[in-house]
1. Run through the DSSP bridge list for the chain and note the antiparallel percent, rounded to the nearest 5.
2. Ignoring everything but the protein chains, give the 1.4 Å probe accessible area of F694 in square angstrom, nearest 10.
3. Considering the dipole of segment 204-278 built from charges on the beta carbon (Lys and Arg +1, Asp and Glu -1) around the Cα centre, which of L274, A222, Q212 is farthest to its positive end?
4. Which order do peptides 470-477, 53-60, 162-169 fall in by mean Cβ count within 10 Å, highest first?
5. Of A683, P647, I598, which is farthest on the positive side of the dipole of segment 571-694, counting Cα position, with +1 on Lys and Arg Cβ, -1 on Asp and Glu Cβ, and the Cα centre as origin?
6. So for each of 402-415, 208-221 I average, over its residues, the number of other beta carbons within 10 Å; can you give me the resulting order with the highest mean first?
7. Just the isolated ones, please: cysteines in the chain lacking another cysteine beta carbon under 4.7 angstrom.
8. Mind listing the phi-derived Karplus ³J(HN,Hα) values for segment 613-619, rounded to whole Hz, using 6.51, -1.76 and 1.60 with θ = phi - 60°, and x for any glycine or proline?
Amino acid sequence: MIVKTFCARMDHGGCGLLVHMEEGRIKKIEGDPDCPLNRGTICAKGIAQIERLNHPDRLTYPMKRTGQRGEGKWTRISWDDALGTISKKIDETIQRFGPEAISFAQGTPKGLELFFLIRLANLLHIPNISTPGHICHMPRETASMITCGFFPVPDYDHPPSCVLVWGSNLFQTNEEGVIGSQLRRALDRGAKLIVIDPRRTSIAARADLWIQPRPGTDLFLALGMLKVIIDEELYDQPFVDHWTKGFPELRDHLRPFSLEKVSEITWVQKAKILEAARLYARTRPGSIQWGNAIEHNINSFQCARALLILMAITGNLDHPGGNVNRVAPPIMRPGELVQIKQFPEKKEKILSPEFRLSTMMGFVPSQLIIKAILTGHPHPIRMMYIQGGNPLLSYSNSKETFEALKQLDFLAVSEIFLTPTAQMADVVLPAATHFEFDDIGHYGLPHGFILARPKIVEPPGECWSDLKILNELGKRVGLGRYFWDEVEDCLDEILKPAGMTYDDFKTIGLLKGKWEYRSYEKKGFGTPSRKVEFYSEQLKEWGYEPLPTPLGQPSDLEEALKEYPLLFTSAKDPYFFHSAYRNISSLRRLSPEPILMIHPLTASRFGIEEGDWVEVHTEKGSIRQKAKLDHEIDSRVVILSYGWWFPERKDLELNGWKESNINILTDNNPPYEPGIGSTPLRAVPCRISKSQPF
């Protein structure tokens, strides 16, 4: 028997799958050639899902810590005991310290589990939810809503004539609702390709123009391109005249920017800045494929604003083949699912009201949770519940995160495997994973469609889905009237406005909204002026820069570069998802060790050869990764691998959480992006030396 479904939880998901079943077990997974998203392509992670499902190290029953935190001593408990312990701790913490003393945390959202978590938090009046939002997606989404009123999605259905890929690598990683095969089809049809990336990725290797900027200078480069387009009058004048606000202010704002200065700051030749701006502006329709690499510095939000203005000023916004508005299908709105109306005072109670943009999205930048645990300011956090996340690897300044987790009164973690973070917990809950429960994919994402992810096999042992865990926990804390007898009842409720049940949805597989181009011609853009706002009065009123304006200059690093003369940036591994799946044998064979990419001349300066272990030092600490020489990297930059720990190394503390983890090197102190709280995870000054293997 073959079951059609969609990939998920190995990354953001979305690829259509054909799952071959035999006697209730999955025997083979392949791409679905009929799926309009991936059309049969599938990556190594997708194939490895069978390995993950049947992995001997999976957590299969709830456990309670019996030794010191992180010591690795556990006792098996029942689900009744586990939920009873957690609900009791929630009640005690609220009674003694108030709901502000609890934080819920989510790793990368993969399905409905984030919305269930927010629902429980809102009903308990817990304001402090930590997600990766401040460094992933939310700077782009908030910038989009403020600038044009929707999140612009690359339109690969109507072939673009030019694609500008900025800080994204779709051939190796999934960018939320967009899949690499969609971009590849556009290129195969002849689209021109501009790639902006410090590394020569597989996409950059196909580019008509590859631009290699200094890490962290994306906003300066975007402003340089805007200046060229305006100075040379390459913009779409009818669109600018009728549908934008603030063009004169933008033109005046860019007047002091010289391309020579932009070139000096970005390390990009003036001729290449001119070429990129002209190629994108003249080759229409043009689409920008942006990635979350632009969100890893204190200019994240304003960089996203600059790229949105690039889309609009060239007439490519909501235009066929450009970046378009994909409205969602008629289903329950996320605000209703998370019961936001039950917690109207959340904005006043949240830990970081000064970060107005993150507050608008309902989350707290993770570093502020960590600091509140350690300092008690502005109020203490005593308890955390974490699902699908590994903060010891993913939060900046991992050492401080470690100290914070040790200091908590109580920590509960829902996970598939015993990650370094899960090893710090008081209670660990065994989570079901993809194929083991009914779920809806891409709900709440701004890509205009949702996916059916039906249950195909039974979860092992006593594993529960995060949806079931949270649904049952909600009942335990006295909120049963807001939760469901069975999770499937919620799925039917979500789909009711579309006139279908989840069983109906499973037969369809993919449900789209009503998509159309140039919808602004009927009702304008979703902004106060009903136009694309280059100049935002709203931002000015909130105390933020109304035009894209850089915070800081690369010259601010000059003092640090005297002691730490190189800059490091990072790259995600195509065979893993953040810190996950380094215990999957087939994937680990493809990427067995953390790799540091370095120019041969730089390696020679420090006596390093191919395959040597290299120690990387910053002001925060040091780690080791293995050298790979690459003559196409700038000699002033090294590129580190992200998310590394070593599940096989039982001899190392928490399976080597700090040996090669780049967040040992990063800082979580100010300055932050002022509206959303992004921290600098790239362009970090470092020095290197040859090292011994650990």
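1. Within the chain, antiparallel bridges account for around 50 percent of the total.
2. It works out to around 50 Å².
3. Q212
4. 162-169, 470-477, 53-60
5. So the residue we want is P647.
6. By packing density, highest mean first, the sequence is 208-221, 402-415.
7. Cys with no partner Cβ under 4.7 Å: C35, C43, C136, C148, C162, C303, C463, C490, C686.
8. Result, ordered by residue: 7, 10, 8, 10, 10, 10, 5 Hz.
The values are calculated or read from the model by the stated rules, or taken from the named source; none is laboratory data. The model shown is predicted, which means the values in this text are computed figures rather than measured ones. Neighbour counts run over all protein chains shown; Cβ positions are idealised from the backbone, glycine included. The accessibility values were calculated without ligands, DNA or RNA, using every heavy atom of the protein model including side chains. Shrake-Rupley method; radii C 1.70, N 1.55, O 1.52, S 1.80 Å.
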